[in-house]
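Below is one structure; the comments refer to it alone.
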Amino acid sequence: MKKIEAIIKPFKLEEVKNALAELGIEGMSVTEVKGFGRQKGHTEIYRGSEYTVDFLPKIKIEVVLADSLLDSAIAAIVGAAKTGKIGDGKVFVSPVEEAIRIRTDETGERAV
Amino acid sequence: MGRMWIKNAVTAEIGAILTGELGSTAGKVELARLQTRIDRAERRCACDLARILLPFHLSSQKSEGFTPKTHMLKKIPLSGVLAVAFALTGVVLTPALSFAQEPPPGAIAAESVEVVTTEVAAQAETAPTEVEKFWEGRTAELALFTVNNLWILIAAALVFLMHLGFSAVESGLTQSKNTVNVLFKNVFVVCMGALVYAAWGFNAMYPGGAWTIQGIFALGSPIMGSVSGAEAVANLTSDYAPYTYWTDFIFQAMFAATAATIISGAVAERIKLPSFMVAATVIVTFLYPISGSWQWGKGWLADLGFVDFAGSTLVHAFGGYAALAAVMLLGARKGKFVDGKIRPILGHSMPLATIGVFLLFLGWFGFNGGSVLSADPIMVSFVFVTTALAGFAGGLAASFTSWILLKKPDLSMALNGMLAGLVGITAGADSIAPWYAVLVGVIAGVLVVVSVLAFDKIKIDDPVGAISVHGICGNWGTIAVGLFGSGALLTQVIGTLAVSIFSFVTALIVFGLVKAVMGLRVSPDEEEEGLDIGEHGQEAYPGFVPNK
């Protein structure tokens, strides 16, 4: 099993979710996050004084899936979230040791 | 005479319609039938109205009538004629439009006789009170008095609504961790303000000639009075005003708390709650009525010929300069000025600030419109127009000024601009012509942006821009009356400076004493944590996760 953590632009969430759903992926967790990479922040102005906003709003999607689905899922996320402009985000993949469905006590790939 | 002319014109019009609909002969018959009924209805209703309006407007021309503050005297003959014409048009048109459904004339007559008999029987049962005796046979006067009185009461309620506006603006333009504290101060100020005004301020501000020091200072006392007997009648005479003593008090009481609310915004996010409560109470109780009496209590400024229609100086500049004194003693919020740079402290809700400004705008129709002190149709509508135009012009001017000076159109500046325009026109809303009112608003809108930036430059930290909006634009509006309105320029300058200096110096003393005895500022730790937890142990948004 693998976990994909994808940091994407907030307005791309719907497209990414649909692309993953088409692969038969049945669940995901989504968090509103703030952060910066090479895009850096931007300056804003309030009552005549400028200030910099370093942390920009992004969406983090977490999906745990069977190894067999990994490549197609990554392709789906990257394909849906890409605009080609700086700030599109990143995808991280890590191994997952175990998964348990609380309701049924099922474990492993059957639980995700 | 206008009445006959309108009646003839309407009759001719209806005749033409009937002839067109029914043919020449049948049309004429129908018109004649209608004519009889109109005449009967006119005798019953419209002539009654004309009969009661006529002696009133004759007597009001003879005697002094209402207080000279209003423009009622000049307007009554015209409005009287208009009222008659309007009533007559209604009487003529209503049967013409609905004669098909009306019961036969006999039924109407019988019905009205019955109503009259019942009324007479009811009156005979109880002896008339002194108030009823006062109004006996003066139905038109009573009607006009009631309308005037009702309008000032509505205006008082609108001014009360401004406190909701202030609450929203101040909490919107400050941080979410201080919202409970900001709202609490607003609650306290409006409750305290009206009560101390009843206990002392009203009679200190309107001494009615009973000065302690002629034209400068009068001692206050609690409001008194009864709603029955000779006292109630004395409050109804035209010697008093075209509204009751109670109306007079409640309208002015709603104004009184405004001065302290202006201070509340400027000192937000770092003042100790008990210190603010003590200082605000002293200022509203003792100081606001003093400078108020100079003008509205017919003191030395009024003698000088100073003009301040609804309080650009007496309310707004007074509050603005007291706020300036408080902010100077209090210092800037932590983190506002770091290493010689201005670091903005963001307001937490622009929607709330916008709601607040729109509520204030609504309330201003009462603030200025009620200051006509009667329901005079011409003056109230004129004041509505000048007030609104100046407010809108101020909003646009501040929008574009911020766009030009700051590269972006700043919403908070546009909101300040609307208020600046309203404060600006407040002194001359009854005497500045509409396009000059627009000019007053435009200048106020530019002035407020420049002033907010300038106060930031000299490290006067005013989170909501109250000093600029109320103080600086209050001065401007008062001077504008000397340029475009009914005042003399020099007198206007003297008046607004006198009140501003009085307010600044006395507030400096009050806040200085409070600082020496109780301290003014919360601890740096509390300021970081937020005054909601520090002063109140409460949160405005439990479970709310701030964006930072």
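The values are calculated or read from the model by the stated rules, or taken from the named source; none is laboratory data. The model shown is predicted, which means the values in this text are computed figures rather than measured ones. Methodologically, a virtual Cβ is constructed for each residue, glycine included, from the backbone with ideal geometry; neighbour enumeration extends over all protein chains shown. For the accessible areas, the whole protein counts, side chains as well, though only heavy atoms, and no ligand, DNA or RNA atoms are used. Shrake-Rupley method; radii C 1.70, N 1.55, O 1.52, S 1.80 Å.
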Flag if residue B:319 is within 14 Å of chain A (Cβ to nearest Cβ) and within 32 Å of the chain's Cα centre (by Cα): no
Of all residues making up the range B:222-247, the number that are open to solvent by less than 20 Å² (accessible area, probe 1.4 Å) and under 12 Å from residue B:156 (Cβ atoms): 2
Some residue of the range B:330-345 being buried (at least 23 other Cβ atoms within 10 Å of the Cβ) and of a type in the set (Gly, Ala, Ser): no
Subset of the range B:495-548 (residues that are under 14 Å from residue B:323 (Cβ atoms) and in a loop (DSSP other than H, G, I, E, B)): B:520
Residue among B:338, B:307, B:282, B:327 that alone is free of Cβ contacts under 8 Å to residues at least 24 places away in the same chain, at negative phi and of a type in the set (Val, Ile, Thr): B:338
Options B:507, B:480; residue that is under 29 Å from residue B:337 (Cα atoms), touching a helix residue (DSSP H, G or I) at 6+ places or on another chain (Cβ under 8 Å), more than 14 Å from every other protein chain (Cβ to nearest Cβ) and surrounded by 21 or more Cβ atoms within 10 Å (Cβ to Cβ): B:507
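Within the range B:442-462, does at least one residue satisfy the condition of being hydrophobic (A, V, I, L, M, F, W, C), away from chain A (no Cβ under 12 Å), open to solvent by less than 10 Å² (accessible area, probe 1.4 Å) and part of a helix (DSSP H, G or I)?
yes
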Members of the range A:16-42 that are within 12 Å of the chain's Cα centre (by Cα) and either hydrophobic (A, V, I, L, M, F, W, C) or under 24 Å from residue A:68 (Cβ atoms) (or both): A:16, A:17, A:20, A:28, A:29, A:30, A:33
Wholly within the range B:268-371, helices (runs of 4 or more DSSP H) carrying at least 1 residues that are of a type in the set (Val, Ile, Thr): B:273-282, B:288-295, B:318-330, B:350-369
Residues located in the range A:1-13, provided they are in a helix (DSSP H, G or I) and either touching a helix residue (DSSP H, G or I) at 6+ places or on another chain (Cβ under 9 Å) or open to solvent by less than 70 Å² (accessible area, probe 1.4 Å) (or both): A:10, A:12, A:13
Any hit, the range B:206-218, residues being touching a residue at least 12 places away in the same chain (Cβ under 8 Å), of a type in the set (A, V, I, L, M, F, W, C), crowded, with 16+ Cβ neighbours inside 10 Å and more than 20 Å from residue B:296 (Cβ to Cβ): no
Tally, over the range B:376-418, of residues that are aliphatic (A, V, I, L, M) and within 14 Å of another protein chain (Cβ to nearest Cβ): 8
